[in-house]
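Below is one structure, written out as structure tokens; comments come after it.
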Amino acid sequence: MLKGAIFDMDGLMIDTEKLYLKFWILAAKDFGYDMTPEHVYSMRSMARKFSIPLLKGIFGEDCPTEEIRAHRTELMAEYIKEHGLEVKKGLFVLLDYLRDKGIRMAVATATPLERTMSYLETIGAKDYFSAVICGDMVTTGKPAPDIYLAAAKGLGLPSEECAAFEDSPNGIKAAHAAGCYAVMIPDMTQPDEEIKPLLSAVYDSLDQAAEFFERSL
């Protein structure tokens with residue numbers, strides 16, 4: 001029986017993955033590197049422990065990955081300050097449904113804690129969640145299962161009693177490895193042949209995912 005729901009944030013609750021795509025490419029260009037959308041897609045939700053060697057494998061050991069990341073963060077922060085954050089379709093329909101059903105909810109995101117809490121506060125979602133686990137709170141981030149195991153523990157539940165909502169392959173891998181029911185709401189890309197066997201369900205938008213709990217409660 002499902003008792004918990006764990007949510008990724010970027011690309012799932014808020015429409016920021018398109019911003020990561022735009023500003024990773026722009027930041028890399030400012031440093032003289034030709035980053036493509038495919039490079040950015042491969043890093044979605046990926047912990048720095050894994051993304052740094054990935055980028056150096058693409059662009060060479062001399063690639064200043066952390067300087068590019070810091071520049072990307074600055075560019076993106078400036079954009080969000082001017083334009084705000086967009087909430088993904090159906091988020092509050094699903095959050096309200098789960099709260100009404102007594103489902104415990106947590107966040108499991110690769111984004112650092114300070115920025116995560118700022119984003120959740122800005123969109124008015126913070127009070128829905130009993131636990132917030134971020135990439136800078138675990139030793140090994142996504143696609144390793146640690147962040148989902150920590151989120152389930154924060155809810156006081158075994159991971160096998162939690163559904164995990166994700167938009168990225170790296171997030172799905174983490175959720176599945178933790179023993180959660182992995183539910184994908186695709187954002188930038190659709191599930192590929194590697195990811196499909198790991199999925200418990202796929203929905204076009206978050207409001208549709210209430211159906212997964214209707215079948216499971």
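Put Val132, Val107, Val93 in order of accessible area, largest first, 1.4 Å probe: what do you get?
Per-residue accessible area, sorted high to low, gives Val93, Val132, Val107.
Could you give each residue of the stretch 60-66 its phi-based ³J(HN,Hα) in whole Hz, using Karplus coefficients 6.51, -1.76, 1.60 with θ = phi - 60°, and x for Gly or Pro?
Calculated HN-Hα couplings, in order: x, 5, 7, 4, x, 4, 6 Hz.
Keeping every protein chain in place, order Thr122, Thr109 by accessible area at 1.4 Å, biggest value first, i.e. largest first.
Thr122, Thr109
Can you flag which of Lys18/Lys49; Lys81/Lys142; Lys18/Lys142 are past 25 Å Cα-Cα?
Too far apart for the 25 Å limit: Lys81/Lys142.
At a 1.4 Å probe, what is the % contribution of carbon and sulfur to the accessible area of the chain?
On the chain, the fraction of accessible area on carbon and sulfur atoms equals 51 percent.
Show that you can apply the helix-only estimate: for the chain, add -39,500 (n - 2.57) for every DSSP H stretch of four or more residues, divide by all residues, and state [θ] at 222 nm to the nearest 500.
After summing the helix terms and dividing by the residues of the chain, the value is -14000 deg cm²/dmol.
Could you work out how far the C-alpha centroid of the stretch 8-42 sits from that of the stretch 113-134, in angstrom?
If we compute the Cα centre of each part, the gap is 22 Å.
Could you pull out every one of the aspartates and glutamates with an alpha carbon less than 13 Å from that of Lys88, ignoring same-chain neighbours closer than 8 positions?
Asp8, Asp10, Asp15, Glu17, Glu166, Asp167, Asp187, Asp204, Asp207
For the stretch 1-109, what log10 I(q)/I(0) values come out of the Debye formula at q = 0.14, 0.16, 0.19, 0.24 1/Å, with one point per alpha carbon and no solvent?
-0.66, -0.79, -0.98, -1.32
Taking the Cα centre as origin and putting +1 on Lys and Arg beta-carbons and -1 on Asp and Glu beta-carbons, what dipole magnitude results for the chain, to the nearest 20 debye?
440
Beyond 20 Å between alpha-carbons counts as too far, so tell me which of Lys56/Lys173; Lys29/Lys173; Lys22/Lys126; Lys173/Lys196 fall in that bin.
Correct reply: Lys56/Lys173; Lys29/Lys173; Lys22/Lys126.
Measure out, as a whole number of angstrom, how far apart the alpha-carbon centroids of the stretch 169-217 and the stretch 64-93 sit.
24
Placing +1 at every Lys and Arg Cβ and -1 at every Asp and Glu Cβ, with all other atoms neutral, what dipole size does the stretch 16-83 have around its Cα centre, in debye to the nearest 20?
280
Using only the alpha-carbon atoms of the chain as identical scatterers, what base-10 log of I(q)/I(0) does the Debye formula give at q = 0.10, 0.15 Å⁻¹?
Per q value, in the given order, log10 I(q)/I(0) is -0.41, -0.93.
The values are calculated or read from the model by the stated rules, or taken from the named source; none is laboratory data. All values derive from a computational prediction rather than experimental measurement. Ideal geometry is used to build each Cβ from the backbone, glycine not excepted, and the neighbour counts take in all protein chains shown. Protein only, heavy atoms only, side chains kept; ligands, DNA and RNA dropped before computing areas. Shrake-Rupley method; radii C 1.70, N 1.55, O 1.52, S 1.80 Å.
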